[in-house]
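One structure is given here, and the rest of the page talks about it.
The values are calculated or read from the model by the stated rules, or taken from the named source; none is laboratory data. Everything numeric in this text was worked out from a predicted model, so none of it was measured. FYI the Cβ positions are ideal-geometry reconstructions off the backbone, even for glycines, and counts take in every protein chain you see. The protein model used for the area step is the full one, side chains on, heavy atoms only, and it has no ligands, DNA or RNA in it. Shrake-Rupley method; radii C 1.70, N 1.55, O 1.52, S 1.80 Å.
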Amino acid sequence: MCGPPYRGTLSYIGMATRRASTYVIERQAFFAPYLARTLETGGLHVSYLSADIEFDYLGRALPDVVFIDTDFIVDDVPDTIRNVRSRSPESIICVYASQTSAAWARACHLAGANALFTKFATSEEIVAGLLHVLSVGTHTDSRYLADAASRHASQV
Amino acid sequence: MAYSPAEIAPPAQAPIRVFVVERQVLLAKAICQLFDQDAAFAAAGDAPELDAHALRDSKPDLVILDIDHGLGEMRESFTAVRECVPAARVCMLSAHLSSELMLRALSAGADGYLVKDITPSEFLASVKAMARGGFYADQRLSGMLLRRHALKRGHNREDLSARELDVVRLIAQGLSNKEIGERLMISDKTIKNHISNIFSKLHLAARTQVAVYAIHNGLV
């Protein structure tokens, strides 16, 4: 599954020469530091980390990348993605979730997410996905594609 | 005969062996890294599924079982772990801050229930406590359960005196304090005391709630 083409001026242009500032939203306090280190391995600079989305910070900082663990988002996830997009229009939005349904992935992409990672991805997969999204602006975990393929196969 | 310092020192505790059953790959690695950084723990093992061989081989003191990601029914998962490593303590790990889920986990036989938003130090302290034979329940959820228990107790009509029950019935009939006083031949001040006691004992804050209580409990 491919997301919609990224619109507007892309902040990822030129990221090859600098580390992308990244805002990480992760509620699991004992996991957040490990996640941040993994993202830094992928070439990001984690500039801020919080348990919940701080929209004021987001609007002020306009980070290159917003990485959200959506399992702990109480509100509707596509709505949340749209809110993030409206506060920081040029950020690359990465969603990290335990969901593996293709329909869910499509809804997130349509809402404005650039990259989708499942929680079953290894750190190597996440790093590779980050490099991909930083270079071309989009990435979708292969597990979503596998779900889409299996649904398609069951219909034909 | 004098004892040497080595003989009177408390026996050193062996490092705690933990096995983590966690499908979220990065989280499993993060947990294992936390244990690696604490001298109280031996290197932890992990697997994305309930792997009987790996569990038996690692001889864990404690198994951490993530119940969020498709490991089947909680009780079945717990039983499978118990069959593999009967002596090991079992801790359920979940993203859900749910007292119902915690009760289900504990009633299934778990020795603890951890919510994934706790801090690293809380996490390590609770795992140590469980591995040493203790029991751990998330304090926020325990608080909720205790409050609920207190509310249930508070709603017991046996806590009310006969006179307070009279006042409850009359409030439910829509009488004012003055009318209740006239009916029961007691002063306005005494009525206010009775109502205050009723609110306190039933954990209520308004006359309408008292009326609802009376209806639900067949007092009117």
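A few remarks follow.
- Most mobile listed residue (B:G174, B:G133, B:G45) in chain B, GNM with C-alpha springs under 10 Å: B:G174
- Column: log10 I(q)/I(0), Debye, Cα scatterers of the protein assembly as shown, q = 0.10, 0.11 Å⁻¹: -0.80, -0.87
- Relative contact order for chain B: 13 percent, from Cα pairs under 8 Å spaced at least 6 residues apart, divided by residue count.
- Seen from every direction in turn and averaged, the convex hull around the alpha carbons of region B:23-91 projects onto 4.4 nm².
- Take the accessible area of chain B alone and of chain A alone, subtract that of the pair, and you get about 1600 Å² summed over both chains, using a 1.4 Å probe.
- Surface exposure of chain A, expressed per residue as accessible area with a 1.4 Å probe, stands at 45 Å².
- Accessible surface of region B:5-144 [probe 1.4 Å, protein heavy atoms]: carbon and sulfur percent: 56
- Interatomic Cα distance distribution for region B:96-220, bins of 10 angstrom, percent: 12, 31, 17, 16, 15, 8, 1
- Nearest-20 debye value, chain B charge dipole, Cβ charges on Lys, Arg, Asp, Glu: 1120
- Loop sites by DSSP among the GluC sites (Glu not before Pro) of chain B, restricted to those with at most 16 other Cβ atoms within 10 angstrom, leave B:74-220 as the longest stretch without any of them.
- Backbone amide hydrogens, once placed in the peptide plane, bring B:V20 within less than 5 Å of B:G45, B:D46, B:A47, B:I64, excluding anything fewer than 5 places away on its chain.
- Legend: mean number of C-beta atoms from other chains within 10 angstrom of residue C-beta atoms, peptide A:28-39, equals 6.
- Counting Lys and Arg as +1 and Asp and Glu as -1 over every other residue whose Cβ lies under 14 Å from the Cβ of A:D79, the net charge comes to +1.
- Here B:K192 is the anchor, and the lysines within straight C-alpha reach of less than 25 Å, apart from those fewer than 8 places off in the same chain, are B:K152, B:K178, B:K201.
- Straight-distance crosslink candidates among lysines, where the alpha carbon sits under 29 Å from B:K128 and sequence neighbours closer than 8 are dropped: A:K119, B:K29, B:K59, B:K116
- Three principal axis lengths of region B:155-216 [C-alpha, angstrom, descending]: 27, 19, 18
- Value in Å of the Kirkwood radius, where chain B supplies the Cα pairs that are averaged: 21.3
- Per-residue ellipticity at 222 nm, computed for chain A from helices alone with -39500 (n - 2.57) per DSSP H run of at least four residues, works out to -13000 deg cm²/dmol.
- Debye equation applied to the C-alpha atoms of region A:59-156, log10 I(q)/I(0) at 0.20 Å⁻¹: -0.98
- Positive minus negative residues near A:P33 (Lys, Arg vs Asp, Glu; Cβ under 15 Å): -3
- Counting only DSSP H runs of at least 4 residues, each contributing -39500 (n - 2.57), and dividing by the residue count of chain B, the helix-based mean residue ellipticity at 222 nm comes to -15500 deg cm²/dmol.
- Each label was represented as a point 7 Å from its Cα along the Cα-to-Cβ direction; for A:R151 and A:T122 these points are 2.8 nm apart.
- In degrees, nearest ten, helix A:142-155 long axis to first principal axis of chain A (Cα): 20
- Cα point-scatterer Debye curve for region B:58-136, base-10 log of I(q)/I(0) at q = 0.11, 0.13, 0.27 Å⁻¹: -0.24, -0.34, -1.47
- Accessible surface, chain B, averaged per residue in Å² (probe 1.4 Å): 53
- Equivalent ellipsoid of region A:42-101: semi-axes from √(5λ) of the C-alpha gyration tensor, largest first, are 18, 14, 11 Å.
- Peptide B:21-27 is shielded by partner chain Cβ atoms: per residue, an average of 6 of them sit within 10 Å of its Cβ.
- Rounded to 10°, Cα long-axis angle of helix A:123-136 versus longest principal axis of chain A: 80
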